[in-house]
1. Quick one: in segment 161-179, of everything that is out of contact with any strand residue (DSSP E or B) (no Cβ under 7 Å at 6 or more places or on another chain) and buried (at least 22 other Cβ atoms within 10 Å of the Cβ), which residue is farthest from residue 92 (Cα to Cα)?
2. Looking at segment 34-54, which of its residues are touching a helix residue (DSSP H, G or I) at 6+ places or on another chain (Cβ under 6 Å) and surrounded by fewer than 18 Cβ atoms within 10 Å (Cβ to Cβ)?
3. Taking the residues in segment 182-198 that are buried (at least 22 other Cβ atoms within 10 Å of the Cβ) and more than 18 Å from the chain's Cα centre (by Cα) as candidates, determine which candidate is farthest from residue 251 (Cα to Cα).
4. Within segment 105-182, considering only helices (runs of 4 or more DSSP H) that don't extend past its boundaries, which have at least 1 residues that are under 25 Å from residue 333 (Cα atoms) and in contact (Cβ under 8 Å) with a residue 60 or more places away in the chain?
5. For segment 88-99, which residues satisfy the criterion of being within 22 Å of the chain's Cα centre (by Cα) and free of Cβ contacts under 8 Å to residues at least 40 places away in the same chain?
6. Grab the helices (runs of 4 or more DSSP H) fully contained in segment 240-351, keeping just those with 3 or more residues being surrounded by fewer than 20 Cβ atoms within 10 Å (Cβ to Cβ) and within 20 Å of the chain's Cα centre (by Cα).
7. Can you tell me which of 146, 167 is under 30 Å from residue 38 (Cα atoms) and modelled with pLDDT of 95 or more?
């Protein structure tokens with residue numbers, strides 16, 4: 001296959017709500033400062049599933065658009081002025097890069113960059129990495145790390161940032177609500193920090209996976225006494241030191257408020273649909289001195305820390321990969337994930 005921009009490649013294109021089509025599109029060409037990557041693995045993701053359900057993402061993707069954002073592959077070609085990358089190198093790219101110059105970047109909050117640049121198009125044979133991401137968030141894959149494991153770098157970076165922002169310390173008790181791929185990443189990461197993890201979800205098989213990843217307790221989040229059960233597992237039934245909500249629905253945001261102890265911290269990691277209003281008990285919030293935080297996205301530092309955690313074995317990425325499918329099967333994979341069939345966590349899409 002030529003990569004001069006005239007030949008075609010197979011790619012997934014998002015057109016709208018539950019409308020993803022596998023099509024033949026032009027192979028992109030690496031311009032100045034850009035790198036063309038032959039995709040070896042693209043991972044399914046909770047954000048991609050959300051985009052599939054609603055047909056867009058206001059900040060990340062507007063249809064019609066190439067689709068997917070967790071990927072690893074091999075450098076196919078480099079544009080003028082690119083240094084440090086050559087054809088044949090194994091690489092992994094983050095899905096965004098900050099400008100490094102705006103108000104937030106200069107204050108160490110690169111994830112809130114006013115000009116954050118995103119890419120999509122991982123579900124394809126090739127993807128062109130723009131100049132800024134090449135400079136800031138395209139990394140060589142260390143020896144011994146497979147493409148599929150490396151492609152989990154980006155979501156893990158979000159989790160590492162979330163744990164850091166929350167201030168989890170060794171010995172802390174943490175209630176973790178929601179055991180999708182991100183929630184299960186939190187389980188591993190929290191245990192590596194020496195935390196005592198109480199995992200909650202409504203699906204029994206996810207509770208089983210959480211136990212296998214080290215969760216100290218795994219509870220049904222839909223049970224009427226879920227809050228009481230969590231509190232009973234803490235010192236004096238006071239509640240946990242930390243609650244991390246990784247679902248993004250009104251009910252679990254409110255549930256988190258009643259699981260945390262006085263003086264504790266809540267991280268509302270799961271984003272609710274735009275316009276959602278959540279009533280909060282102001283008396284509880286004020287007189288219990290509860291700190292409420294939220295964590296969005298990642299920074300270049302967390303991207304590098306995530307790849308290092310995978311390469312060193314501190315984070316076992318293989319535990320999350322539950323299947324492999326061809327690119328032509330992507331739509332059926334998304335439907336399966338949408339219907340919660342087969343208990344998949346992360347599926348590697350292989351072009």
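The values are calculated or read from the model by the stated rules, or taken from the named source; none is laboratory data. Keep in mind it's a predicted model, so treat the numbers as computed, not measured. Reconstructed Cβ throughout: ideal geometry from the backbone, glycine too, with neighbour counts over all protein chains shown.
1. Residue satisfying both the conditions and the ranking: 163.
2. Selection gives 49 alone.
3. The selected residue is 195.
4. Numbers: elements: 131-137, 147-150, 153-166.
In segment 105-182, 147-150, 153-166 are the helices (runs of 4 or more DSSP H) which contain 1 or more residues that are under 25 Å from residue 333 (Cα atoms) and in contact (Cβ under 8 Å) with a residue 60 or more places away in the chain.
5. So in segment 88-99, the residues within 22 Å of the chain's Cα centre (by Cα) come out as 90-99.
Answer for segment 88-99, where residues must be within 22 Å of the chain's Cα centre (by Cα) and free of Cβ contacts under 8 Å to residues at least 40 places away in the same chain: just 99.
6. Values: elements: 250-257, 282-287, 300-312, 330-338.
By residue number, 300-312, 330-338.
7. Details: 167 fails: under 30 Å from residue 38 (Cα atoms).
Result of the check over 146, 167: 146.
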